[in-house]
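The values are calculated or read from the model by the stated rules, or taken from the named source; none is laboratory data. This structure is a prediction, so every number in the text was calculated from the model and none was measured. In this analysis, Cβ positions are derived from the backbone assuming ideal geometry, glycine residues included, and neighbour counts consider all displayed protein chains.
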Amino acid sequence: MDELRVISTKVPDEVYKEMLLRIPEGERSEFIREAIIEKLQNTPKADKILEIEARITKVEDVIGNINKTLADLELLTYGREKANPHNFCIDEIDRKIVEYLMHYKGATTPELADHLNINRWMALNRLRKMQKNSIKQYGKAAIDYYGGEKSGKKKAWWINEDIIQKE
């Protein structure tokens, strides 16, 4: 056993009297020590609790994704390879963004903001949200950002035509 440390504690008078009756005089310290050790062994460590919470969160996320995929499967799939980009939209602004990207094949954030008469940060946040939703629901991004030059545009957002069903 490791080095012993002295601790003091206050217990209710009834508990003290009960211990005096049940535990012989020379064994009380060992009884208290064993009671504390037993109680500590039954109490989970904080690291273990955090680890268990993290694992439960991961399991909940996986189950949520599976449930969402199963529930949305009819809406999200066309055949087995194509997705409808409008399913990743939340509101009319998102629909207009998707329509613009599908019509012009791609656009920069300022172009979209000017076309929709919105703040460019709002356009950027909407694009990122649709990208995240498409990855979450379909496993691939329906809208991608490409920082280089493509079709005469630099730093633009593009519809991923490999997974998008054309109308």
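Failed condition for Lys48, given (1) farther than 30 Å from Lys140 by Cβ; (2) at pLDDT 85 or above, with all others met?
(2)
Those residues that are at pLDDT 85 or above, within 15 Å of His86 (Cα to Cα) and among the polar types (S, T, N, Q), I need them from the range 114-167; list them, please.
Within the range 114-167, Gln131 is the sole residue that qualifies.
Under the condition of being part of a helix (DSSP H, G or I), under 18 Å from Ser8 (Cβ atoms) and aliphatic (A, V, I, L, M), which residue from the range 18-35 is farthest from the chain's Cα centre (by Cα)?
It comes out as Leu20.
I'm trying to understand the selection: among the residues of the range 132-143, which are buried (at least 16 other Cβ atoms within 10 Å of the Cβ) and without any contact (Cβ under 8 Å) to a residue 40 or more places away in the chain?
Residues of the range 132-143 that are buried (at least 16 other Cβ atoms within 10 Å of the Cβ), as a first pass: 133-134, 137-138, 141-143.
If the condition is that a residue be buried (at least 16 other Cβ atoms within 10 Å of the Cβ) and without any contact (Cβ under 8 Å) to a residue 40 or more places away in the chain, then Ala141 is the only one that fits.
For Lys39, are the conditions met, namely being loosely packed, with under 10 Cβ neighbours inside 10 Å and part of a helix (DSSP H, G or I)?
Yes: the conditions hold for Lys39.
Starting from the range 90-102, take each residue that is outside the structural domain of Leu116 (by TED's automatic domain parsing) and list its partners that are surrounded by 16 or more Cβ atoms within 10 Å (Cβ to Cβ) and at pLDDT 85 or above, counting only C-beta distances under 6 angstrom and pairs at least six apart or across chains.
none
Check the range 42-56 and report whether any residue there is in contact (Cβ under 8 Å) with a residue 24 or more places away in the chain, in a helix (DSSP H, G or I), under 45 Å from the mean Cα position of the chain (by Cα) and not assigned by TED's automatic domain parsing to the domain that holds Gln137.
Initially, the range 42-56 is screened for residues in contact (Cβ under 8 Å) with a residue 24 or more places away in the chain, giving none.
Scanning the range 42-56, I find no residue that is in contact (Cβ under 8 Å) with a residue 24 or more places away in the chain, in a helix (DSSP H, G or I), under 45 Å from the mean Cα position of the chain (by Cα) and not assigned by TED's automatic domain parsing to the domain that holds Gln137, so the answer is no.
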